[in-house]
Amino acid sequence: MKKNFSIGMSCLLLAAVTNLIAQDATNSMQNEEADLAKKLQNPVASLISVPIQNNWDFGIGPAHSMKYTANIQPVVPIGISEDWNLIIRTIMPVIYAEAVSDNPLAPPSARESHSGLGDITQSFFLSPKEPVGGWILGAGPVGYYPTATESELAHSEEELRVILCQSAEQENVTPLGKEILINALDMRDRVVRDITTPRGKVVFLNSDEVSHNVHTYATKNDVFNKTIAPGSKEEQVLAKGDKITVKCDIHDWMSAVVFVTDTPFYAVTGEDGSFTISGLKPGKYKAELWHEKLGKAKTEIVVKDDGSSDPVAVTMGEKKGKK
């Protein structure tokens, strides 16, 4: 009888120990899952992961097209010290975009679907391995590689480059107001850019099949914000020198830039930096260069007797240190 009692107690003790181990294992797994979930939500966690983000955009363009983007985003942490990680995060967009227009007058690129790889975005975040005051921190540079398989899938590189020239003897020349045309049909598929002078008139024309809301963002001129029906137009006189951004509030991918300059001597450079300005006499000229992303720079241009000039080298986009 004593022997049977001992065996029964042993079985009960063994069952209790087994249940305790199973409970600890379950709690451990739950903690690990919770910790993994937190790391997966943390873009700078010390965890190798390859998330895929799916994006659908609808109602694009007059054809109300669809665009699908699968962002493949591998994250690779590298320990560079006991306290710090270098987090390398890559975003590789795989894109399918339907034709944005079915208008036979639209450019061929707007009437065709496009698919392939977009430009790859690369970031390098320096992050402490442990939270700082309860905060997870990470900082570092972000850039992109021009890897797009089609130009329609790439980051837009079209930029306005403006050359303004002026000499002492021509400082008092009053520029004549120039009329320019901004057509909403052109704004659908590319960024429209043009230059005018103070008192120049800008005509906003809508040759498209749908209405567009033309909204200007200006610093020195009055704001223009009107809906233009198909086949209609509106006009605005620009009184002062300014850089004006034009948007369509209905179709947010449409845009234009109007540069209003106080000098009659100006030009937009080609992709190679070349430009032509008519009406300049031989002599020295102060030239101001303006770039959408790189800002402003100044230089001097010498016009020869035959009307030509030597190439000039200008560095833009670099901040000058204090002397």
Can you tell which of Ala70, Ala106, Ala99 is surrounded by 11 or more Cβ atoms within 10 Å (Cβ to Cβ), at pLDDT 90 or above and among the small types (Gly, Ala, Ser)? Ala70
Filter the strands (runs of 3 or more DSSP E) completely within segment 192-298 down to those with at least 2 residues that are open to solvent by less than 20 Å² (accessible area, probe 1.4 Å). 192-196, 200-205, 212-217, 242-248, 255-260, 283-291
Can you tell which of Ile120, Ile136, Ile91, Ile80 is open to solvent by 30 Å² or more (accessible area, probe 1.4 Å), closer than 24 Å to Leu47 by Cβ and within 18 Å of the chain's Cα centre (by Cα)? Ile91
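Would you confirm whether or not segment 144-154 contains a residue that is open to solvent by 60 Å² or more (accessible area, probe 1.4 Å), among the hydroxyl-bearing types (Ser, Thr, Tyr), assigned to a loop (DSSP other than H, G, I, E, B) and modelled with pLDDT of 75 or more?
Yes; the residues of segment 144-154 include at least one that is open to solvent by 60 Å² or more (accessible area, probe 1.4 Å), among the hydroxyl-bearing types (Ser, Thr, Tyr), assigned to a loop (DSSP other than H, G, I, E, B) and modelled with pLDDT of 75 or more.
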Within segment 78-91, which residues are in contact (Cβ under 8 Å) with a residue 40 or more places away in the chain and assigned to a strand (DSSP E or B)? Gly79, Trp84, Asn85, Leu86, Ile87, Arg89
Residue identified as of a type in the set (Gly, Ala, Ser) and modelled with pLDDT of 85 or more among Gly317, Gly273, Gly307, Gly231: Gly231
So which of Ser127, Ser115 ends up being part of a strand (DSSP E or B) and loosely packed, with under 15 Cβ neighbours inside 10 Å? Ser115
Considering only residues that are open to solvent by 60 Å² or more (accessible area, probe 1.4 Å) and not in a strand (DSSP E or B), look in segment 48-67 and name the one that is farthest from Val142 (Cα to Cα). His64
If I filter segment 299-318 down to residues being assigned to a strand (DSSP E or B) and polar (S, T, N, Q), which single residue comes out as least open to solvent (accessible area, probe 1.4 Å)? Thr299
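The values are calculated or read from the model by the stated rules, or taken from the named source; none is laboratory data. In this text the structure is predicted, and so the values were computed from the model without any measurement. Heads up, the Cβs are rebuilt from the backbone with ideal geometry, glycines too, and the neighbour counts pull from every protein chain shown. The protein model used for the area step is the full one, side chains on, heavy atoms only, and it has no ligands, DNA or RNA in it. Shrake-Rupley method; radii C 1.70, N 1.55, O 1.52, S 1.80 Å.
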